[in-house]
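J.: The structure follows.
The values are calculated or read from the model by the stated rules, or taken from the named source; none is laboratory data. Quick caveat, the model's predicted, so the values are computed rather than measured. Every residue, glycine as well, gets a Cβ built from its backbone with ideal geometry; the counts of neighbours run over all protein chains shown. Side chains are part of the model used for accessible areas, which takes the heavy atoms of the whole protein and leaves out ligands, DNA and RNA. Shrake-Rupley method; radii C 1.70, N 1.55, O 1.52, S 1.80 Å.
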Amino acid sequence: IRVLNQADALIEGGAELEQGWLPPLIQSARNPRILPNAPGHIVLARGLKLLEIPTRLDRSQGDNHASGNPHFNLDPANFKPMAATIAEAFSRLDPANQSVYQANLRAFGERLDKKMAEWTKLAAPLRGVKVITYHKSFEYLAARYGFEIFGQIEPKPGLEPTPTHINALIPNAKAAGVK
């Protein structure tokens, strides 16, 4: 709370990932610079195309987020718009150094473009490979590199796996050729 009280900016992932713990900290910090919709409150999810936006919200479906799957940072292509969001906000907060932020953004974009090409080649053997994840957190990475998420160990997001779920998942995964 002390750190937030003195902050000039706060970078939040967004898409409700921090919903359960960040709002009370911001409120307790009593810092108008980082309140929601203040110039110093930077939300990285704004402007991104989010996956798995629910058509209905129902707690029986687990810990779903109304804005969509909040694990967008696992698609490295999302780093470009996230970096642009940060550079834009910092340029507004510190206009004297806008050219530095913009130059750094361009340099970052160039490095990321090279790495994206490299990672795409490295990930090519994963295309079509079926995997099981623990939580619904790898959907963006799977969409980027073409591997298939067969299922999750959690029966629903945020719910602990049950023996019944695991006992059904194992034979289904074997039958589907999941390694």
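J.: Provide the FRET efficiency to the nearest 0.05 for the His135-Ala103 pair, computing r from the beta carbons and using R0 = 25 Å.
T.: E between His135 and Ala103, to the nearest 0.05, is 0.10.
J.: Let me ask another. Contact order normalised by length for the chain, with contacts defined as Cα pairs under 8 Å and 6 or more residues apart; what percent is it?
T.: The normalised contact order for the chain reaches 18 percent.
J.: For segment 70-116 and segment 20-39, compute the distance between their C-alpha centroids and round to whole Å.
T.: Value for the Cα centre distance between the two parts: 23 Å.
J.: Okay, next question. At a 1.4 Å probe, what is the % contribution of carbon and sulfur to the accessible area of the chain?
T.: That share works out to 58 percent.
J.: Right, another one. Are there any trypsin sites (Lys or Arg not before Pro) in segment 86-140 that are in a DSSP loop and have at most 12 other Cβ atoms within 10 Å? List them by number.
T.: Sites meeting the loop and neighbour criteria: Arg127.
J.: Continuing with this model, one more query. Skip the ligands, DNA and RNA, and give the accessible area per residue of the chain with a 1.4 Å probe, whole Å².
T.: 62
J.: Here is a follow-up. As a test of the formula, what do you get for the chain when each DSSP H run with n ≥ 4 contributes -39,500 (n - 2.57) and the sum is divided by the residue count, at 222 nm and rounded to the nearest 500 deg cm²/dmol?
T.: -13000 deg cm²/dmol
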